[in-house]
Amino acid sequence: MDHHCPSPMKATSNGIFQGDNPLDFALPLAILQICLVLVVTRGLAFLLRPLRQPRVIAEIIGGILLGPSALGRNKGYLNAVFPPKSITVLDTLANIGLLFFLFLAGLELDVKSLRQSGKKVLVIAVTGITLPFALGIGTSVILRGTINKGVNATAFLVFMGVALSITAFPVLARILAELKLLTTDVGRMAMSAAAINDVAAWILLALAIALSGDNLSPVVPLWVFLCGCGFVIGAGLIVPPIFKWISRRCHEGEPVDELYICATLAAVLAAGLVTDVIGIHAMFGAFVIGVLLPKEGPFAGVLVEKVEDLVSGLFLPLYFVSSGLKTNVATIQGIQSWGLLVLVIFTACFGKIVGTFIVSLLWKFPKNEALALGFLMNSKGLVELIVLNIGKDRKVLNDQTFAIMVMMALFTTFITTPLVLAVYKPAKMLSKGDYKHRRIERKNPNTELRILTCFRSSRNIPSVINLLEASRGTERGERLSVYAMHLMEFSERPSAILMVHKARHNGLPFWNKGQRSANHVVVAFEAFQQLSQVSVRPMTSISSLSDMHEDICITAEKKNIAMIILPYHKNLRLDGSFESTRPDFHLVNKRVLEHASCSVGIFVDRGLGGTAQISASNVSFSITVLYFGGHDDREALAYGTRMAEHPGVELTVIRFLVESDSSEEIVTIHTEGTSAATLFSADVEFLAAFRTSISDDSSIKYEEKTARNVSETITILRDYSCCSLFLVGRRPDGVLPLALSQRIDCPELGPVGSLLTSSEYATTASVLVVQQYYDNLYANSSQQRDVASVPEN
């Protein structure tokens, strides 16, 4: 930078036509910088997604690429886009983003869970700090002797120690969620240990900052530190009561008063000002406020939703750039520098991994869990960068040391995911269980039926509950046990972590025994459980859409489920047509149909039984089973028979027959697999058994209809369009479905299901499309045509 002061930039330009270069003005330049950063970091995040890296990695790399290491070697670009005089504005914006982001990070940290974390976690966390810290001091001696000469010795010692001993809590949470380890023991331990580690790191950082001023008297660091402690204690006394009062004034499901939000954000900034005045960085205050805010009630959640997207989306990436502009990888030259880089990386990893590993083994952890914990605790992230940047700004670290440390942070975080995957795969440990009832059709229909029902939002809950009520069968209540799984999409946002916290606290996700649970989902299921004596266990699956099906299939396997019921991926509009709000869920359903090791039903909900939840006494459903033939149809009929035991359910079974003269045709259709004759005989046997069992039951009607072609089939279906629910198979056999399948829109509903949900067939009936679990063990009399397409997992 020149010795004469650059003139301050004006905020806005007069426009390009009046001869102004917009890049000489603060606002246009800042906007350009933000957009550039967003494009680069998001692009990188997209490229790194197959490697399952957290977004922080992409942001750090993006910052380095935009800085003097890569693009910045072109001086023209650097002076145009990031001129020295714009750095003030950039840093201010970046620090505002950082302030609020650390406030959110503080919100993610739950102090209550720290208190309950127990001895093990405490020891692991303490080892995870002390060993690397000690090694950091050793490294710092070597570095001071070589490349970082002539700095304040104690400050440098403490900075190096802190930089090596940090574990990034937010990054760790995202890595755990990505690997589906959040709810496992390892995940819990890692989260709690990282949280303790985080708090300790902040205290050490405050100490380091206090030591690093270019002060003359030794009393100053002491004053800074004492004032910092005073601030924390004062805030601890003032903040919680006020926010508890606010939190009590906010009720679930009502909009939070905007005044409260505004007051909180102002408080965060004010705390930042105070800590900046004291002389420990402004974000320290914001973090403290975040930690002290009460996490119960809707207030914290609403606050996070209001702040997170703007902050972590727009402002925070600027921090990575302002850090990247100070990082020049080119300064790491020569054998000596690279050797030091390797040394730093080695000591950082060695301290964390070996320390955690040995302590975990002493606590009698299995080896692979202990290793996984070590690797997880080794992830660095934003806080690490903050420490290094403060060190750089305070002239404690020079360019070369800074570059080495940034590379170390990048490397350690980058290797976390692959290494943990290599040593610890809980999801894959589940081999196929050996339970019998993987379907509804079974020899003894009085055995317990276990259903896993999934829902995405509360809008399909009343209908699902009505469907379960009908499935209850007779009054013997122990025959149905239900697991209700709330499918939540996991994203990189802080609110996702809060969601995870809630899930972890309540043991069984979103199930609060103590306080009146405010979640209407749960209330609905609790009420249903009391009314109908069906045991319902709610659970939550939090995962990204690409692996949601794994969660569903693994849960089904663990809980010995016979039938998974998935919601149809399109939502019902008021005029009765369907609109696809989230096409991605379509893929989830498709994958579950492929991979599930039990029967699957897709439930197309057209308001089954009205929107109100019906109490058991006055259920009156008329259910129609359309029977063409084949496994899936038999499953549908078995489910229908089960429902017909319920006193309020009337069942109509329609057996479609093809005129007899076309019998040769039927045989020729099934070229692969078995001939139609054996399939047909299995159907005949099944129907004969069904008819003998219903001869004395007045609530079941059995009708046979003959149809020659598609239009006749549709005409027959029209007569039944006023029932409440159609049960159909996904892959029916026979000529008619084959003819219907010419016009199929949605392969996972099958030919008949597609027809019943298409707009040309007007009905208010909901549809449940059933796919029977088909395993070669069951194929006693008949081989299914498409065994090849059923994956053997």
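The values are calculated or read from the model by the stated rules, or taken from the named source; none is laboratory data. These figures come from a predicted structure and were not determined experimentally. Virtual Cβ from ideal backbone geometry, glycine too; neighbours counted across all protein chains shown. Side chains are part of the model used for accessible areas, which takes the heavy atoms of the whole protein and leaves out ligands, DNA and RNA. Shrake-Rupley method; radii C 1.70, N 1.55, O 1.52, S 1.80 Å.
Fraction of C-alpha pairs exceeding 25 angstrom in the stretch 180-313: 40 percent, rounded to a whole number.
Backbone phi angles across the stretch 62-73, fed through the Karplus curve with coefficients 6.51, -1.76 and 1.60 (θ = phi - 60°), yield HN-Hα couplings of x, x, 5, 5, 6, x, x, 6, 10, 5, x, 5 Hz in residue order; Gly and Pro are listed as x. Computed across the stretch 97-186, the Kirkwood radius stands at 15.6 Å (inverse of mean 1/r, all Cα pairs).
When nucleic acids and ligands are ignored and a 1.4 Å probe is applied, VAL728 ends up with an accessible area of around 0 Å². Each Cα pair under 8 Å and six or more residues apart adds its sequence gap; the mean of these over the residue count of the stretch 196-315 is a relative contact order of 28 percent.
Among SER577, SER360, the sequence by solvent-accessible area, most first, with a 1.4 Å probe is SER577, SER360. For THR652, nonlocal amide neighbours, meaning residues 5 or more places apart or on other chains whose placed amide H falls under 5 Å from its own, are ILE623, THR624, VAL625, LYS701. Legend: residues VAL359, VAL274, sorted from most to least accessible area (1.4 Å probe; ligands, DNA and RNA excluded), read VAL274, VAL359. Across the stretch 263-317, the relative contact order, built from alpha-carbon pairs under 8 Å that are at least six residues apart, equals 22 percent. Rolling a 1.4 Å probe over the protein heavy atoms leaves THR146 with an accessible area of roughly 40 Å². When both the stretch 206-255 and the stretch 22-37 are represented by their alpha-carbon centers, they are found 34 Å apart.
Counting every pair of alpha carbons in the stretch 142-184, the share spaced more than 13 Å apart comes to 65 percent.
Surface composition of the chain: carbon and sulfur make up 61 percent of the accessible area, probe 1.4 Å. Residue ranking by accessible heavy-atom surface, 1.4 Å probe, largest first, among THR417, THR540, THR88 comes out as THR88, THR540, THR417.
Its Cα gyration tensor gives the stretch 159-225 an equivalent ellipsoid. The semi-axes, each the square root of 5 times an eigenvalue, are 34, 10, 7 Å from largest down. Think of the stretch 111-196 as having a plus end and a minus end, set by charges on the Cβ of Lys, Arg, Asp and Glu; of GLY138, GLY161, MET189, MET189 sits farthest toward the positive end of this dipole.
How large is the Kirkwood hydrodynamic radius of the stretch 1-157, in angstrom, based on all distinct alpha carbon pairs? Across the stretch 1-157, the inverse of the average 1/r is 20.1 Å.
Considering only Cα atoms, the convex hull volume of the chain works out to 205 Å³ per residue.
Phi angles across the stretch 546-560 convert, under the Karplus curve 6.51 cos²θ - 1.76 cosθ + 1.60 with θ = phi - 60°, into 3J(HN,Hα) values of 5, 10, 5, 5, 4, 4, 5, 5, 5, 4, 4, 5, 5, 9, 6 Hz, Gly and Pro given as x.
Label-to-label distance, VAL342 versus VAL354, with points set 7 angstrom from Cα along the beta-carbon direction: 1.7 nm. Per residue, the chain exposes 43 Å² of accessible surface when a 1.4 Å probe is rolled over the protein heavy atoms with every protein chain present. Close amide-amide hydrogen proximity is noted between ILE564 and LEU452, SER599, VAL600, GLY601, each under 5 Å apart and 5 or more residues distant or on a separate chain (H modeled in the peptide plane; Pro and chain starts excluded). Taking the square roots of five times each eigenvalue of the Cα gyration tensor of the stretch 309-456, the equivalent ellipsoid has semi-axes of 47, 22, 12 Å, listed largest first. Here's how it looks for ARG537: its modeled amide H is under 5 Å from those of VAL482, TYR483, ALA484, which are all 5 or more places away or on a different chain.
Scalar couplings 3J(HN,Hα) for the stretch 697-709, obtained by applying the Karplus form with A = 6.51, B = -1.76, C = 1.60 to θ = phi - 60°, are 9, 7, 8, 10, 10, 10, 10, 10, 10, 10, 9, 8, 8 Hz; x denotes Gly and Pro. Over the chain, Cα pairs under 8 Å with separation of 6+ residues give a relative contact order of 12 percent. Nearest 10 degrees is fine. How inclined is helix 399-423 to the longest principal axis of the chain, computing both from alpha carbons? Taking the Cα atoms of the chain, the angle to 399-423 is about 20 degrees.
Beyond 19 Å in Cα-Cα separation lie the following of the pairs LYS443/LYS558; LYS120/LYS180; LYS112/LYS295: LYS443/LYS558; LYS120/LYS180.
Placing +1 on the Cβ of each Lys and Arg and -1 on the Cβ of each Asp and Glu in the chain, which of ILE34, VAL592, GLY729 has its Cα farthest towards the positive end of the resulting dipole? Highest projection toward the positive end goes to ILE34. Within the chain, which is the longest segment containing none of the chymotrypsin sites (Phe, Trp or Tyr not before Pro) that sit in a DSSP loop and have at most 15 other Cβ atoms within 10 Å? My reading of the result: 1-362 is the longest stretch.
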